[in-house]
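Notes follow once the structure below has been shown.
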Amino acid sequence: MSKAVPQNNLETPPEVALLQLGTGYWISQSIYVAARLGVADLLKDGPAGIEDLARATGTQPAPLFRLMRVLASVGVFAEEGERRYKLTPLSEQMVTGPKSMRPMLIHLGEAPSWRAWGELLHGVETGETAFQHANGAEVFPFYATHPESAEPFNEAMTAYSNVVTEAVINAYDFSPFRKIVDVGGGHGLLLTSILKAAPEASGVIFDLPPVVEGARARVEAEGLAERCEVSGGDFFESVPEGGDAYVLKTIIHDWDEERALSILRNIHRAMKDEGKLLLIETVIEDGDGPSFSKLSDLHMMIMTGGQERTEAEYATLYERAGFRLTRIVRTESLMGVVEGVKIK
């Protein structure tokens, strides 16, 4: 046991600090419940009391109060008067909207993700993917057959894409490119945003046929039908040819090394000699300081068997696929643009 810490000493005793870390999931699940109940939406117009919140959420006042008391203690909400609560800068991010964090918080707290993290020990001992062990299938096949779980996952990806896309557009200049291929482009949010920022460019949104069909309506709505093609296929087999920029947002981190290399080598074959490879990914910082990138790396290991990478690891990956890493452009989001050129 450590010595008692005087009241005026702001340092937390190590045993208390360790216990706080060990019970971190108590906080994360509390945030999940508040997100699922939509508490932040109920407070967006001003403070409300527990009785009103309980009626609106279909919960019991006493347990809801105990939940809110915990969340107020860590700054997610704030008390205003007895058993009345209001938003803070943290819970403002949970209010429903295009860039809301609420869908992500729901996805992370839902049973499939929750069960997967519960199998972390199995993953570390065996090297197997914890999500598959916990849920009986890999992530993407699982969501394809479980629409009730796929809905919060898809909403989470869309909301987070809104945040990342704006940050990338603000940080990276796409105007030099004439043909941009978005590999794994989904419903087209990223590429249509890029094309609006780079009016001289044309583009191709490429993804699995059932997925990419959802991009056609966005392309039409944005008035980009003459500049943007929608193409279906499998990036493990081939990608559209002739681009001078190939963009992949949060694609490579989903896959193990060999499957990641398969995608990148297909891009290498399809790309113009003077083209650029642009991966939009989280980059792990060097050293042992705290960083969300390290947690994200563990999450990818658990969920898909993929990984986040350091700058040095990206350089090695690029070299193995026939590219040279030229720079990493940081953005205001957790993502950076990992730029590479073709080794001739």
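The values are calculated or read from the model by the stated rules, or taken from the named source; none is laboratory data. Predicted model, so just to flag it, every value in this text is computed and none were measured. Virtual Cβ from ideal backbone geometry, glycine too; neighbours counted across all protein chains shown. With ligands, DNA and RNA removed, areas are computed over all heavy atoms of the protein, side chains included. Shrake-Rupley method; radii C 1.70, N 1.55, O 1.52, S 1.80 Å.
What to note about this one:
- Verdict on residue 271 being surrounded by 15 or more Cβ atoms within 10 Å (Cβ to Cβ) and closer than 19 Å to residue 320 by Cβ: yes
A quick yes/no check of all residues on (1) under 30 Å from residue 133 (Cα atoms); (2) of a type in the set (Lys, Arg); (3) open to solvent by 60 Å² or more (accessible area, probe 1.4 Å); (4) in contact with a helix residue (DSSP H, G or I) (Cβ under 8 Å, 6 or more places away or on another chain):
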{"residue": "262", "(1), (2), (3), (4)": "yes, no, no, no"}
{"residue": "301", "(1), (2), (3), (4)": "yes, no, yes, yes"}
{"residue": "307", "(1), (2), (3), (4)": "yes, no, no, yes"}
{"residue": "310", "(1), (2), (3), (4)": "yes, no, no, no"}
{"residue": "325", "(1), (2), (3), (4)": "no, no, no, yes"}
{"residue": "331", "(1), (2), (3), (4)": "no, no, no, yes"}
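- Hey, residue 119 touching a residue at least 12 places away in the same chain (Cβ under 8 Å) and of a type in the set (D, E, K, R) or not: yes
- Among the candidates 80, 128, 119, the residue that is in contact with a helix residue (DSSP H, G or I) (Cβ under 6 Å, 6 or more places away or on another chain) and of a type in the set (D, E, K, R) is uniquely 119.
- Matching residues, the stretch 53-67, being open to solvent by less than 80 Å² (accessible area, probe 1.4 Å), over 17 Å from residue 35 (Cβ atoms) and not aliphatic (A, V, I, L, M): 61, 65
- Tallying residues that are among the aliphatic types (A, V, I, L, M), farther than 21 Å from residue 79 by Cβ and not in a helix (DSSP H, G or I) within the stretch 89-112 yields 1.
- Meets criteria (free of Cβ contacts under 8 Å to residues at least 12 places away in the same chain and closer than 25 Å to residue 94 by Cα) for residue 147: yes
- Candidate set from the stretch 191-201 (those that are more than 20 Å from residue 327 (Cβ to Cβ) and of a type in the set (A, V, I, L, M, F, W, C)); member that is surrounded by the most Cβ atoms within 10 Å (Cβ to Cβ): 191
- Of the residues screened, residue 149 is not one that is among the small types (Gly, Ala, Ser), under 21 Å from the mean Cα position of the chain (by Cα), at pLDDT below 95 and closer than 24 Å to residue 220 by Cα.
- Selection count, the stretch 89-121, where residues are open to solvent by less than 50 Å² (accessible area, probe 1.4 Å) and either in contact with a His (Cβ under 9 Å, 6 or more places away or on another chain) or charged (D, E, K, R) (or both): 4
- Matching residues, the stretch 236-250, being surrounded by 22 or more Cβ atoms within 10 Å (Cβ to Cβ) and not hydroxyl-bearing (Ser, Thr, Tyr): 239, 243, 245, 247, 248, 249
- The set of residues in the stretch 68-88 that are open to solvent by 30 Å² or more (accessible area, probe 1.4 Å), in a helix (DSSP H, G or I) and hydrophobic (A, V, I, L, M, F, W, C) contains only 70.
- Taking the numbered list (1) open to solvent by 10 Å² or more (accessible area, probe 1.4 Å); (2) at pLDDT 95 or above; (3) part of a loop (DSSP other than H, G, I, E, B) in turn, residue 224 passes all entries but (1).
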